[in-house]
Amino acid sequence: MTLAIVLAAGSPAAGLTTATGEPLADRLAAQLRRAGADEVRFAASLDELTALVATATAPVLVTGTDLVAHTAVLRHLATSPVGPTVALVLGDPPVPGRTAVREERGQVVDAGALDALDGDATGVFGGALRVGVDDLPTLAAAARAAAGDPGSAVDRLFAGLAALGTLIFAQRVRLLVARRVEDENELTAAEAAVTAVDEDRAELRLSVKEKDDFFSTYFVSTWSPYVVRLAARLRLTPTGVTAISVLFALAAAVLFGVGGRPALVSGAVLLYLGFVLDCVDGQLARYTRHFSAWGGWLDTMADRAKEYLVYAGLGFGVSHAGLGNGWALAIAAMTLQTVRHMTDTWYGVLHDEAARRPRAAGAGGGIGDRLNAASTRVQADTGSLSYWLKRTVVFPIGERWALIALTVALFNPLVSLIAVLVWGVLAFAYTGALRTLRARWMWVPVLDTVDATLHRDDGPLARWLPVVRPMGPLTLAVIAALGPAVLLVAALLGDSPDGLRWAVPVALLVLLVGGLGAGAAHNGPLDWLVPAALRAAEYLFAIAVGVVGEAPGWLIFGYVFVLTVHHYDLTARLEKRQAAPPLHAFTLGWEVRSALLALAAIAGTVGIALATLGAYLLVVFVVSVVLAWFVRPARSARASVAPVGAGGAAPH
């Protein structure tokens, strides 16, 4: 049950009355109920708030009495999916008496009096916040520490919460209205501003991402809101739209495999429409405020599955038309894109961690500072040529799907796959070089803030290997990828790949070098690249073994596809702050899976091994998904409502 608390202490607006004659505090209470609060309580002091928080078992909404806003602003705050604790942040210039905010990458990294931020303020606290369950003890501590101090209680509370190190995300107001008022004149002006905005129309526009990529912005989001409104009227859920988009992508993949100009053009149209629906599912979630960890995870997994199914369709189409080895190109595209995504994920984690750990005074300067400053200037110049070039050169998903649709419709699947590979390699080189330079400058470890064993995907063998600390885990992971890479090149260039069967154990030994860093500290400036390097090493080894064992291309693709699903599950859980998959131990780890394939290569049963191990991993993944998202939540729900003494247990 969500509790909302209206905190009146220290607010000059406590006695203000709205144009309808209703006290402003009462209107706020009514808006909080419409925003989703199950119970609304008033607190005259921070001591009263502390007592109320002590009884809460769900997230708590806290507002001052001086906020004039659309109800949608409070609803967005209450339902924000960005994190457990979220604060309303306004773009107004900071003024004395209000808590100023410094925000980076959507996180509140500093909050306090205007002069305490040394001119680095990026906004002002909007007088409302949602505090997650795990942060409620810290909220109570901040309230006790701020009790008795002069000034607005809600501002003191927020500043104290930030000072105690709470991870607070910022909820910005766009298109809608939210203002803090102190007198009748400001109240009248704010109410007029609220009335002047059509709330539903604004919410529909807000369903579109504020900063999206070029293709999405100009070729999708210009008309997708109409689809969003239709989907909402049809009572479609975001998950339902995701499922439809998967069907569109699957149909496009089939048509690409069939070949022929009508099929290719039809497939390109379906691919475009599938991408539109891929945008619509997120927009519908934002419009209806139907967010869930399951939906976010499913959307991430579906995006990758759709893209790789399309690669499979293109690969089959190339081979079917006799244009070349399409499966080899499809495998290369999938491997490249997955490794890129792994670096994207961990670089995002790196940047978020860097935002929470500002560099010490005097630590700046050099190329890192210049790159950061240049990036900030370009990002601030929204809509400029440099802005769009920066967003497009990294080859985001919209541009990938647009490139595939255009090239396959105008030319053929071979041209499409080659174009994806060429642009993908260039984008990887560009982002990799710049991110490496910036990461060395930031020097912020990230893998030591999480379960490194989980995200390395180590199995039992890696944990038994000795630890080699001087070389560092990244160097060892890169060396691990070299052996499989050499074996793969030799197998592709040689006349008889089967003759390299006995080179497989040598490549395996080189691959296992990556396990020597499993127990070492992952705190180097570039150790965020370790997961991506290990993914590349395992994929290259599996592909090389498949080529040496003369397994069909589609079978190698299928096995690597299952591996990517497993690894995307790990990164999706990282991004959604979810625990490890329930059956993660049964996935064996990258080194044990590779050892099993090596044994199969020696025995001459590579095809059987790829099919069997791939099927096993897929079953483990499906069962793990069912357990994590359906069985365990259902058991927890039953346990939480089961009465004591009636066959149930008291919840702990």
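Considering only residues that are at pLDDT 95 or above and surrounded by 23 or more Cβ atoms within 10 Å (Cβ to Cβ), look in segment 139-153 and name the one that is nearest to the chain's Cα centre (by Cα). Out of the qualifying residues, it is Leu139.
Assess whether Ala162 counts as being under 25 Å from Leu574 (Cβ atoms) and either aliphatic (A, V, I, L, M) or over 25 Å from the mean Cα position of the chain (by Cα) (or both). Spelling it out, Ala162 is indeed under 25 Å from Leu574 (Cβ atoms) and either aliphatic (A, V, I, L, M) or over 25 Å from the mean Cα position of the chain (by Cα) (or both). No other residue among Ala44, Ala30, Ala69, Ala8 is surrounded by fewer than 16 Cβ atoms within 10 Å (Cβ to Cβ) and in contact (Cβ under 8 Å) with a residue 24 or more places away in the chain apart from Ala44. Counting residues that are surrounded by fewer than 17 Cβ atoms within 10 Å (Cβ to Cβ), touching a residue at least 40 places away in the same chain (Cβ under 8 Å) and within 27 Å of the chain's Cα centre (by Cα), which helices (runs of 4 or more DSSP H) fully inside segment 384-480 reach at least 3? So the answer is 413-442. Taking Arg577, is it surrounded by fewer than 22 Cβ atoms within 10 Å (Cβ to Cβ), at pLDDT below 95 and touching a Gly at 6+ places or on another chain (Cβ under 9 Å)? When the stated conditions are applied, Arg577 passes them.
For the criterion of being within 17 Å of Ile331 (Cβ to Cβ) and open to solvent by 10 Å² or more (accessible area, probe 1.4 Å), Ala551 passes. Tell me yes or no: at least one residue of segment 108-126 is over 30 Å from Ser207 (Cα atoms), out of contact with any Ser or Thr (no Cβ under 6 Å at 6 or more places or on another chain), β-branched (Val, Ile, Thr) and touching a residue at least 24 places away in the same chain (Cβ under 8 Å). No - not one qualifying residue is present in segment 108-126.
Within segment 583-638, the residues that satisfy the criterion of being open to solvent by 70 Å² or more (accessible area, probe 1.4 Å) and in contact (Cβ under 8 Å) with a residue 40 or more places away in the chain are Leu618, Arg632. For segment 304-342, taking the residues that are open to solvent by 10 Å² or more (accessible area, probe 1.4 Å), part of a helix (DSSP H, G or I) and among the polar types (S, T, N, Q), the one that is farthest from Val394 (Cα to Cα) is identified as Ser319. Of all the residues in segment 358-383, those that are open to solvent by 50 Å² or more (accessible area, probe 1.4 Å), over 28 Å from Tyr568 (Cβ atoms) and either at pLDDT below 80 or not in a helix (DSSP H, G or I) (or both) number 12. The number of residues in segment 126-157 being of a type in the set (A, V, I, L, M, F, W, C) and not in a helix (DSSP H, G or I) comes to 4.
Scanning segment 16-27 for residues that are without any contact (Cβ under 8 Å) to a residue 24 or more places away in the chain, part of a loop (DSSP other than H, G, I, E, B) and under 16 Å from Gly127 (Cβ atoms) yields a count of 0. Looking only at residues in segment 279-303 that are β-branched (Val, Ile, Thr) and within 22 Å of Ile404 (Cα to Cα), which one is surrounded by the most Cβ atoms within 10 Å (Cβ to Cβ)? So, considering only residues that are β-branched (Val, Ile, Thr) and within 22 Å of Ile404 (Cα to Cα), the one surrounded by the most Cβ atoms within 10 Å (Cβ to Cβ) is Val280. Candidates are the residues of segment 104-125 that are over 12 Å from Ala162 (Cα atoms) and assigned to a strand (DSSP E or B); the one that is most open to solvent (accessible area, probe 1.4 Å) is Glu104.
Restricting attention to segment 279-303, the residues being outside any loop (DSSP other than H, G, I, E, B), closer than 16 Å to Lys209 by Cβ and in contact with a Lys or Arg (Cβ under 7 Å, 6 or more places away or on another chain) number 1. The single residue among Val265, Val276, Val258, Val254 that is over 18 Å from Leu410 (Cβ atoms), more than 19 Å from the chain's Cα centre (by Cα), open to solvent by 20 Å² or more (accessible area, probe 1.4 Å) and in contact (Cβ under 8 Å) with a residue 40 or more places away in the chain turns out to be Val254.
The values are calculated or read from the model by the stated rules, or taken from the named source; none is laboratory data. It should be emphasised that the depicted structure is a prediction, and the values quoted were computed from it without experimental measurement. Methodologically, a virtual Cβ is constructed for each residue, glycine included, from the backbone with ideal geometry; neighbour enumeration extends over all protein chains shown. These accessible areas exclude ligands, DNA and RNA; they are computed on the full protein's heavy atoms, side chains included. Shrake-Rupley method; radii C 1.70, N 1.55, O 1.52, S 1.80 Å.
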